[in-house]
Amino acid sequence: MQYRIGEFSDLSGVSAKTLRFYDQIGLLRPASVNPRTGYRHYRPQQLEELASIRAFKNLGVSLGDVRNLIGKASSAKDRRELLIELKRTIEQSIQTASQSLGYINAALDELDASTRSIPVIVKHRPAISIASIRAKVESYADILQFEQELLKSLPDQSIGSLRGVLWHHCADSGFLEGEPFVGIRHKLASQSFLDVKQLPAVTVACAYARSDDNSDEQAYLAIRRWMNVRGYQLVGPKREINLGEMLEIQFPLKSA
């Protein structure tokens, strides 16, 4: 006994369009095809084969993997290995989704606690040659005089566009220690009062602030909250990059 595709579709609950697609990709070939009319015919035993395909598909197995299993004399071991791998993939997806849910909840909490949402992003910063001066200061504003000294001591043609401050110690550590720096275009000889070195490549969490103290503070708090939620640790001094009317605050990251 054989069924035409319409009959087989009714019996199996799978549309004729899907059956034709399964034929095209070699997943379920008809038992025979009339060479004159092109009508497909299926055997009753193929209902069980189609049921296996649907069962695997409902578990999330890709059609390519189903075809490999159906198309060869696969053993119970083959099917077990495939399902174990699928289970591992789904567990990883659940873990990723759970982390994302935690991040979303944290973002919602931040919106509830603040009138202004501060986005935090991750990016990789390449290594760059800099000249810098490191100093302990009484206030954050005092670092500006060391920045001016640094710029005055360098030839204009050697100064690049990058300018900023590395904060080795902030107010929460009991004292302030900063290091104004500028990117340099040409190799310079070291001088007694400034340091010429390579600022290392690093992955940073960063946020942007307007050039006022309150905005800076809010950006710092946003990055700290972001890192705490995701389990990151700070590695190396915080970086403040001068962007004219804006400030980019960067926290070098280390996975917890």
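Annotations
- All positions within the stretch 207-223 that are of a type outside the set (Val, Ile, Thr) and surrounded by 15 or more Cβ atoms within 10 Å (Cβ to Cβ): 207, 208, 209, 215, 216, 218, 219, 220, 221, 222
- Looking at 183, 164, just one residue is open to solvent by less than 20 Å² (accessible area, probe 1.4 Å), modelled with pLDDT of 90 or more, assigned to a strand (DSSP E or B) and in contact with a Phe, Trp or Tyr (Cβ under 8 Å, 6 or more places away or on another chain), and that residue is 164.
- Hits in the stretch 197-237 (condition: farther than 23 Å from residue 104 by Cα and out of contact with any strand residue (DSSP E or B) (no Cβ under 7 Å at 6 or more places or on another chain)): 200, 212, 213, 214
- Residues in the stretch 152-161 that are open to solvent by less than 60 Å² (accessible area, probe 1.4 Å) and either in contact with a Gly (Cβ under 8 Å, 6 or more places away or on another chain) or in contact (Cβ under 8 Å) with a residue 60 or more places away in the chain (or both): 159, 160.
- Test: residue in the stretch 125-142 that is within 17 Å of residue 243 (Cα to Cα) and open to solvent by less than 30 Å² (accessible area, probe 1.4 Å): yes
- Of all residues in the stretch 205-245, those satisfying the criterion of being among the polar types (S, T, N, Q) and part of a helix (DSSP H, G or I) are 214, 215, 218, 228.
- Restricting attention to the stretch 6-47, the residues that are in a helix (DSSP H, G or I), of a type in the set (A, V, I, L, M, F, W, C) and open to solvent by 30 Å² or more (accessible area, probe 1.4 Å) add up to 3.
- Hits in the stretch 10-36 - residues which are out of contact with any strand residue (DSSP E or B) (no Cβ under 9 Å at 6 or more places or on another chain) and hydroxyl-bearing (Ser, Thr, Tyr): 15, 18, 22
- Hits in the stretch 224-256 (condition: open to solvent by 80 Å² or more (accessible area, probe 1.4 Å) and under 15 Å from residue 125 (Cβ atoms)): 243, 254
The values are calculated or read from the model by the stated rules, or taken from the named source; none is laboratory data. This structure is a prediction, so every number in the text was calculated from the model and none was measured. Cβ coordinates were reconstructed from backbone atoms using ideal geometry, including for glycine residues, and neighbour counts include every protein chain displayed. Note: accessible area is taken over every heavy atom of the protein model, side chains too, but ligands, DNA and RNA are not part of it. Shrake-Rupley method; radii C 1.70, N 1.55, O 1.52, S 1.80 Å.
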